[in-house]
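Just below is one structure, and these are the notes that go with it.
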Amino acid sequence: MDEKESFPRMTAEEAAELIEDGALVAFSGFTPAGAAKVVPLALAKRARALHEEGKPFQIRVLTGASTGPSIDDALAEADAISWRAPYQSSRPLRERINDGRVSFVDMHLSLVPQSVMYGFFGKIDVAVVEAHHISSDGRVYLTSSIGASPSFLRAAEKVIIELNQYVPPEISEMADIVIPKTPPHRPALDLDFPLQRIGKTYARVDPEKIIGVVETCKPDEEIRYSSPNYYSGTIARHVVNFLLEEIAAKRIPKEMLPLQVGVGNVANAVLASLGEHPDIPKFTMYTEVFQSSGFELMKRELIQGASTCALTLTPPQMLDLVGEIKFYASRLVLRPQEISNNPALVRQMGVIALNTAVEMDLEGDVNSSHVLGQRLLNGIGGSGDFARNAYLSIFMCPSTAKDGAISTIVPLCSHIDHTEHSVNVVVTEQGIADLRGLSPDKRAKLIIDNCAHPHYRDYLHEYIEKAGPGHIRHNLATCFELHQNLLRDGVMLPDLPAI
Ligand code: 0RQ
């Protein structure tokens, strides 16, 4: 490719020794895709050894989004994280965030790279970035995600590269990397459709900053989705019918609009149903995570192509991708998260956003992140980047959680990530509520009748009837009664049969 590079090779343990207590460390990774895999494990080992000697060792951790277990699980279990941003999905880390041992900052993912470039987090001491190739002049060829790595490489004081030979070089045929300039010198992005390319296939780093290269040969860690079930299947059916009606009413053009589909079991199942439905026109995706169900649709040529920030695939799918690289490279574009999730581009392209909620309220506000307004599940992730700017913003979830003990339709969300102003349609397995053009009183009735589980409908209607007058009817004394019952009794309403 070019003259041989001569960066210092070292083991993961030697690289971990170069990171100091208190450092801000930026790891590559957007989901387990493209995440650093061996240096964080060595750091966790080092932290444990130092803790046993009674010495402190904790770092501040920045990534593109969630990661594989090698970063968040391993470092959290070693009590080696003091601060974390912008998103996570790790059980041990979540526990420590919720009991106050780790400070966590929940952020819109599109904002991470520019917050780094603006210096909002202070200086990044070390970036640890997975690549499959690095040239002597500092071109870094990333692997299965782009995430915020191009900005981490540019902003960090020192850089460690995990050179992963498991990943075939052809993966870079999909990369399209550009870092927007900082305001006031930031021109509009010249990107008109999802598969258009405007950047380079590599990121850049100042070669002087590279303090170590660690060779690895490891696949991405795997995410397992549960199989589609009654809830995801029924939600998917409602979404498909709604989109078909929108196409028939010519509110969605017959050539379709690009789709964003969020993370999780429900979203994965909904995408599969949409792609397989014979009456939904073939579509493209402008999304941040391209997960396994999307890949299966692409393989069968049921979707046209996707712009994404990460390829979150199973190991067999990754082998398929490499074996048929010509086919996939013309259909997939891998972008940095500030482009894949760019609010201006989402608005410009007319993206239809499909995201999953934790709970939704009678106005149409959505909680994506905190149980009982207190305990973090994963975070807002990229859902706000898309929901606020989408052509149509759709939120979905089963109408109940924990065998019916929890209604996901509540009078007022206990935490609000997406306000009623950013939510057009809400869907549960019970049905769909199209909120467009409706005043708050009409919204409330429709959400209760179409989306709430029948066990909770009388309670919710009565809540609205008894609430005081106003543009939005609420009773400030009882709006969190269901949540308080749940905290006290473990169920939102007593005397309900399990569902
Ligand atoms: O708990 O694991 O203990 O059983 O939450 O719920 O039904 O499996 O849903 O996997 O689709 O994830 C919102 C978390 C949904 C996800 C969320 C409990 C439930 C279960 C998971 P268990 P399911 P999914 C862009 C898009 C925010 C980020 C985002 C998410 C667990 O979609 O993190 O949208 N979204 N990003 O039992 C108590 C409730 C509950 C509840 C569900 N009301 N109260 N527990 N659960 N509702 C992509 C990126 O950003 C990278």
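The figures follow:
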read-out: Size of electric dipole in the range 193-258: Cβ of Lys, Arg +1 and of Asp, Glu -1, about Cα centre, debye, nearest 20; value: 320
read-out: Under 28 Å from the Cα of LYS250 - lysines, other chains or at least 8 residues apart; value: LYS282, LYS442, LYS445
read-out: Over the chain, equivalent-ellipsoid semi-axes from the Cα gyration tensor in Å; value: 39, 27, 19
read-out: For the range 230-489, convex hull of alpha carbons as volume per residue, Å³; value: 130
read-out: Set of lysines near LYS158 by C-alpha distance (under 16 Å), chain-local residues within fewer than 8 positions excluded; value: LYS123, LYS209
read-out: Calculated over the range 1-51: convex hull of Cα atoms, volume per residue (Å³); value: 118
read-out: As computed over the range 388-494, the Cα convex hull volume per residue (Å³); value: 103
read-out: Solvent accessible area, Å² - THR11, 1.4 Å probe, full protein context; value: 60
read-out: The range 64-169 - accessible surface per residue (Å², probe 1.4 Å); value: 30
read-out: Gain on full stretching of the segment that runs from SER439 to GLU276 - 0.36 nm per residue minus C-alpha separation; value: 55.2 nm
read-out: Packing rank of 339-348, 199-208, 442-451, where each peptide gets the mean count of other beta carbons within 10 Å, highest leading; value: 339-348, 442-451, 199-208
read-out: Kirkwood Rh and Cα Rg combined as Rg over Rh, evaluated for the range 114-259; value: 1.09
read-out: Theoretical gain in end-to-end length, GLU301 to SER103 [0.36 nm per residue, Cα-Cα removed]; value: 66.9 nm
read-out: Difference of contour (0.36 nm per residue) and Cα-Cα distance, LYS250 to ARG375; value: 40.8 nm
read-out: DSSP beta bridges in the chain [antiparallel fraction, %, rounded to 5]; value: 25
read-out: Cut-off under 5 Å, modelled amide H: who pairs with HIS133 long-range; value: TYR141
read-out: Label-point separation, ASP206 to ASP192 (7 Å along Cα→Cβ), nm; value: 3.8
read-out: Expected-Rg normalisation [2.2 N^0.38 Å, Cα atoms] applied to the range 188-276; value: 1.68
read-out: Amide H contacts of GLY147 (H built 1.01 Å from N, under 5 Å, at least 5 apart or other chain); value: GLN337
read-out: Among beta bridges that DSSP assigns inside the range 12-216, antiparallel share in %, nearest 5; value: 20
read-out: Spin-label pair ARG224/PHE327, simplified geometry with 7 Å Cα→Cβ offset, distance in nm; value: 2.8
read-out: Mean Cβ neighbour count within 10 Å, used as a protection proxy, ranking 352-362, 154-164 highest first; value: 352-362, 154-164
read-out: Rh (Kirkwood; distinct C-alpha pairs) - the range 12-216, Å; value: 17.2
read-out: Calculated FRET value between THR419 and ARG9, using beta carbons and R₀ = 41 Å, to 0.05; value: 0.20
read-out: The range 216-284, accessible area per residue, ligands and nucleic acids excluded (1.4 Å, Å²); value: 50
read-out: Options GLY22, ILE464, LEU257, ranked by Cα towards positive dipole end of the chain, top entry (Cβ charges); value: LEU257
read-out: Carbon plus sulfur fraction of accessible area for the chain, probe 1.4 Å, in percent; value: 52
read-out: Surface accessible to a 1.4 Å probe, LYS209 within the full protein complex, Å²; value: 30
read-out: DSSP bridge orientation in the range 230-489 - percent antiparallel, rounded to nearest 5; value: 30
read-out: Cα-centre dipole for the range 12-216 with unit charges at Cβ (Lys and Arg positive, Asp and Glu negative), debye to 20; value: 500
read-out: Label-point separation in nm, ASP403 to GLU17, each point 7 Å along Cα→Cβ; value: 5.4
read-out: Hits among lysines - C-alpha to C-alpha of LYS37 under 17 Å, sequence gap 8 or more where chains match; value: LYS45, LYS218
read-out: nm² value of the averaged projected area, convex hull over the Cα atoms of the range 446-499; value: 4.3
read-out: Normalised contact order of the chain, rounded percent, pairs of Cα under 8 Å and 6 or more residues apart; value: 13
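The values are calculated or read from the model by the stated rules, or taken from the named source; none is laboratory data. What you are looking at is a predicted structure, and each value in this text was computed from that prediction instead of being measured. Virtual Cβ from ideal backbone geometry, glycine too; neighbours counted across all protein chains shown. Accessible surface is based on the protein model in full, side chains and every heavy atom, while ligands, DNA and RNA are left aside. Shrake-Rupley method; radii C 1.70, N 1.55, O 1.52, S 1.80 Å.
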